[in-house]
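Rule-based calculations on the coordinates, nothing more; no lab input. This structure is a prediction, so every number in the text was calculated from the model and none was measured. All Cβ positions, even for glycine, are placed from backbone atoms using ideal geometry, and neighbour counts span all protein chains on display.
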Amino acid sequence: MQFVLGLFCGMLVWDLIAGVLTSSPMLMVQNTNFVTKVIFPLEILPIAMVVGTLVHTAIGFVPLLLLIMISQGMISISGLSLFLIFIPIVFYCLGLTWIISALGVFLRDIAAIMPAVITILMFLSAIFFPIAAIPAIWRWVAMLNPAAVLISMARDALVFGQWMNGEVFGIQVGISLLVAMIGYAFFMKVKSAFADVL
């Protein structure tokens, strides 16, 4: 039963990431009415999209929590760290959304290749198996994928009652903040050209 719950948890976290990646390429194209209004802060659109996807994901956790309570009798106190684990996830999503939504204005083909990219990333994100199941010699490759690390953390905290590794979490927070800052800087640099292209 724990395998099923772990898979469910992993899929919920992945749905947030996949939802953001799917919606990002056409975000500006689908909101041309905002793009043409000079006074509208376009950088808010990616934030609104990520928040909307996050709310959808949060709703999905309700049945998971009920299943955990039914099967295990209680939710481990380590499950509270899930709130912290979502901090770097959200920053990664924001950074990627700013970058991909800006690129999507100039490179429309990104939307066409994104489903294939999402499928490949899904199988590289340790959703269907724990990172510990990967042979030690190759485990470092999985650890380079932030999605795999954070999905594993979420699953361990909520389903298996294990506290996250503070050092690894701190590294993920730092990298995710860097990704968000780079994404925001890139978006702000190129957004003045959106109206000319659209």
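Observations on the model:
- Listed residues S176, S71, S152, most fluctuating in the chain (Gaussian network, C-alpha, under 10 Å): S71
- The string of couplings for the range 117-123 from the Karplus curve (6.51, -1.76, 1.60, θ = phi - 60°) is 4, 5, 4, 5, 5, 4, 6 Hz, one whole number per residue in order, with x for Gly and Pro.
- Local electrostatic count at L42 - Lys and Arg +1, Asp and Glu -1, tallied over other residues with Cβ under 13 Å: +2
- Distances between placed amide hydrogens fall under 5 Å for M28 paired with no residue 5 or more residues away or on another chain.
- Phi angles across the range 130-141 convert, under the Karplus curve 6.51 cos²θ - 1.76 cosθ + 1.60 with θ = phi - 60°, into 3J(HN,Hα) values of x, 4, 5, 7, 6, x, 3, 5, 10, 4, 4, 5 Hz, Gly and Pro given as x.
- The computed Rg and Dmax of the Cα atoms in Å for the structure shown corresponds, within (i) 19.6, 61; (ii) 18.4, 54; (iii) 18.0, 58, to (iii).
- Normalising the average separation of contacting C-alpha pairs (under 8 angstrom, six or more residues apart) by the number of residues puts the relative contact order of the chain at 37 percent.
- Which of S192, S101 has the fewest Cβ neighbours within 10 Å, and the rest in rising order: S192, S101
- Reported to the nearest whole Å, the Cα centre-to-centre distance from the range 84-105 to the range 124-194 is 12.
- Among F123, F169, F187, the largest mean-square fluctuation in a Gaussian network model of the chain (Cα springs under 10 Å) belongs to F123.
- Listed residues G52, G19, G166, most fluctuating in the chain (Gaussian network, C-alpha, under 10 Å): G166
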